[in-house]
Every structure is written in C-alpha cells, then in structure tokens.
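First comes the structure, then the notes that go with it.
Each reported figure results from applying straightforward, stated rules to the coordinates on display, with no laboratory input. Note that the structure is predicted; figures quoted are calculated from it, not measured. Because the Cβ atoms are built from the backbone with ideal geometry, glycine has one as well, and the counts that use them run over all protein chains shown.
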Amino acid sequence: MASPEIETLTQALARLPGLGPRSARRAVLHLLKKREAAMAPLLRALEAVNERLVTCHVCGNVDTTDPCTICADPRRDARLLCVVEEVADLWALDRARLFPGRFHVLGGRLSALEGVRPEDLAIDSLIRRVAAGGIDEVVLAMNATLEGQTTAHYIAERIESFPVRLTQLAHGLPVGGELDYLDEGTLAQALRARRPVS
Ligand SMILES: [Zn+2]
C-alpha cells in the first residue's frame, strides 16, 4: 500500500499510452529511488514543455515554439508539402528525417458517421498555403481507411486547379499513431514509391 499521493502518481502514469498499472508501478518506484537523477529532470522537462506548449499556426504541429521547429527550419524543402491526418503521423514520418519537406496536419479525417465535415478540419488553411505559391508537390499521406481515402479524394479535388504535383503514398498509413510501429524502411519505401493521384 502506498500513500494517496504516490497512488495518484501511479494512476496518472498508468493512463499513459503504452504503460499500464504494472509498468506505472515500476516507473514510480524508479522515480522514488532515483529522486535526483530521474525525478527532478523529469519534473523540469514536464514543466518546461507544459509552460510553452503551442500549436503551430502554420502546420498544426504541437511544439514549444510557433512556428514549430519544422516550419522554422530553413534546411527543409519548402516546395514539398506532406498532408497528414494527425500530429502522430507527422512525428512518425519525421522520425529519422524520412520526409525532407514540410507538413500540414488536418486534425482528423472526414467522416459521415462521426459527423466530421471539411470545415472541421484544417483544409481551408491547407488550400491557402497551396494558393500562396512556392509549393511544387503536395503528398497526401492519409490513413489506409475508407475515411482516410475519402479525405484524400476531397483534398485532391480542392487542389486540382492549382499548378502543383499531387501524389500519394504507395501504401496508405495505418490508423492513428500505429505508424510508430512501422519500421523506417517500410515508411521510406512508401514515400519513395509515391505516385500521382489519379
Ligand atoms: Zn509548423
């Protein structure tokens, strides 16, 4: 039996994705035993991120600066834009710099079932970015679901009239954050073999 404070901490950790009661207990025990080496740095890191957490007004990424680190990076190819459903997809594709360009996060996918309409997603801001010019290629990296593909099709229609190359991944992305489980070779291959949207 632990005190209510320690129990609260354990429960909060257990609710994190990828953890569970058992892992949370082990993590808490580790933090308690390594107060200076583990707990203090974790606390400082959490505070720093929590204080400065913002959504990038350009791409919708979550970061501690606005524009985000990716949008502000001059080494990125600004002519290449990859459209994803969620921040998790962006982070996975950005892992190991698989994609050299910039991103646009929609914040979800069109869904008649869940009542998600185009105006609920960051589609107008995407069209404005494309309309502003300077983009040669838009890569649609939606999930390989009916809703993901419906979303891709809708965006393709809206972008059609602009002078940009429109491509899609060779394979759609797996659903919601599952991308993290794909190895980099598979992701790199899906990007390399991207094909024009027909
Ligand atoms: Zn950004």
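Summary table below
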read-out: Local net charge near T10, Cβ-Cβ under 12 Å (Lys/Arg +1, Asp/Glu -1); value: +2
read-out: Most fluctuating residue given options L31, L187, L93, as computed from a GNM of the chain linking Cα atoms under 10 Å; value: L31
read-out: 5 Å binning of all Cα-Cα separations within segment 74-168, expressed as whole percents from 0 upward; value: 3, 14, 26, 26, 19, 9, 3, 0, 0
read-out: Relative contact order [Cα under 8 Å, 6+ residues apart], the chain, whole percent; value: 15 percent
read-out: D183 paired with E137, simple spin-label distance in nm, labels 7 Å along Cα-to-beta-carbon; value: 2.5 nm
read-out: Cα-based Rg and Dmax for the chain, where Dmax is the largest Cα-Cα distance (Å); value: 19.8, 65
read-out: Order of V83, V139, V49 under a 10 Å beta carbon neighbour criterion, fewest first; value: V49, V139, V83
read-out: Computed E for R165/L53 - FRET, C-beta separation, R0 30 angstrom, nearest 0.05; value: 0.30
read-out: Exposure rule at most 15 other beta-carbon atoms within 10 Å, DSSP loop GluC sites (Glu not before Pro): the chain longest free segment; value: 1-113
read-out: q = 0.19, 0.20 Å⁻¹: log10 I(q)/I(0) that the Debye formula gives for segment 4-52, counting C-alpha atoms only; value: -0.65, -0.72
